[in-house]
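Have a look at the structure below, then the notes.
None of the figures in this text is laboratory data; all of them are computed from the coordinates on show. These numbers come from a predicted model, not from an experiment. Using ideal geometry, Cβ is built from the backbone for each residue, glycine included, and neighbour counts are taken over all protein chains shown.
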Ligand code: SF4
């Protein structure tokens, strides 16, 4: 257990009050005293703490709200507080800033990036568009603000199929950056005018079909919850259609949908194919179910950069602030709002 600091008073206008930096508190991380100190600081800062499902359990437990990226952005946009502490990765905090430009958005570590968002830059997207005039650009929400500004409609893993289906069937589509989600959309819509960018998340790509098949065989009584970004999504659909695993045991779900499904499930065991942080939230939603990770090493190092110490420091020092240039934010906002308007955009990663 680590010891943490606790400033006795807070100057709401301070920007880097190192006198208040974490160093002196005896409250152990995760203890009720520590959580109370975090919440007290948040109140003094007029801040709401949002925690993504892939965060460390201690961060999930202390967050005012826990959820997927889109749900958290929606909460950020409607929250009464003037400051958002976004415990997630940078593109998520950017999306919150795009939807709430008047609010101060902080991320406890601005270096918390995303390999999927990094796999498509704005320059690459501009070049791709130039090669494909007339195509409609659909980007998964795991993209930078600059890429969203070049996008016609963003999508989540929940509504990717509906978003692409909303585009006239004879209009070509550029889908990026996630190749697995793009392949899923192309397969479901049986549409051959969708070009898919070859990007991937290193964590989800590391969950493969062989692991899934082996675990499905070893646990014949278990349901399978699979995120469509995972490298095993194709195998999951094959397992379902081949009859190797009954189709009703395989559920392709966004992270938000996993929590909803778990809460309503009568299953006793569920294999989960996504980042391992998700297990904590699923156990909270359904304590009676035995949840097991398909790959227990599928942990996102970027997400785990948000530590308890950094959260405390963010509250004390008001860092790291997320900025999005107004002209970028204005263009990106349209793509995000179109995403929210289409289908059940209830969950992102
Ligand atoms: S799990 Fe993958 S997609 Fe999600 S934040 Fe980490 S690197 Fe990005």
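Quick look at the numbers
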| read-out | value |
| --- | --- |
| Along principal axes, Cα extents of region 197-349, largest first, whole Å | 52, 35, 30 |
| Helix 326-341 axis, angle to the chain major axis (alpha carbon atoms, nearest 10°) | 60 degrees |
| Calculated P(r) tail over 15 Å for region 203-293, as whole % of Cα pairs | 52 percent |
| Relative contact order (percent, whole number), region 205-306, Cα cutoff 8 Å, 6+ residue spacing | 29 percent |
| Label-point separation in nm, residue 78 to residue 297, each point 7 Å along Cα→Cβ | 4.2 nm |
| Among beta bridges that DSSP assigns inside the chain, antiparallel share in %, nearest 5 | 5 percent |
| Extended-chain gain in nm, criterion 0.36 nm per residue less alpha-carbon gap, residue 195 and residue 283 | 27.9 nm |
| Where labels lie 7 Å past Cα in the beta-carbon direction, separation of residue 40 and residue 219 in nm | 4.2 nm |
| Residue exposure sequence - 225, 302 - by fewest surrounding Cβ within 10 Å | 302, 225 |
| Computed FRET value (nearest 0.05) for residue 33 with residue 64, which takes r as the C-beta separation and R₀ as 25 Å | 0.90 |
| Relative contact order (percent, whole number), the chain, Cα cutoff 8 Å, 6+ residue spacing | 24 percent |
| Angle between the chain longest axis and helix 233-242 axis [Cα atoms, degrees, rounded to 10] | 40 degrees |
| Calculated on alpha-carbon atoms, Rg and Dmax of region 131-262 in Å | 15.5, 50 |
| Region 86-206: mean projected area of Cα convex hull, nm² | 7.9 nm² |
| Using alpha-carbon coordinates, inclination of helix 255-264 to the longest axis of the chain, degrees | 90 degrees |
| Estimated FRET transfer efficiency when R0 is 51 angstrom, pair residue 263-residue 327 (beta carbons, to 0.05) | 0.75 |
| For region 65-116: rounded, prolate or oblate by the Cα gyration tensor [a/c cutoff 1.5] | prolate |
| Relative contact order [Cα under 8 Å, 6+ residues apart], region 116-201, whole percent | 31 percent |
| Peptide ranges 139-148, 76-85 listed from the most packed, as the mean C-beta count within 10 angstrom indicates | 139-148, 76-85 |
| Three-way shape label, the chain, alpha-carbon gyration tensor, a/c 1.5 | oblate |
| Helical contribution to [θ] at 222 nm, DSSP H n ≥ 4, -39,500 (n - 2.57), averaged over the chain, rounded to 500 | -11500 deg cm²/dmol |
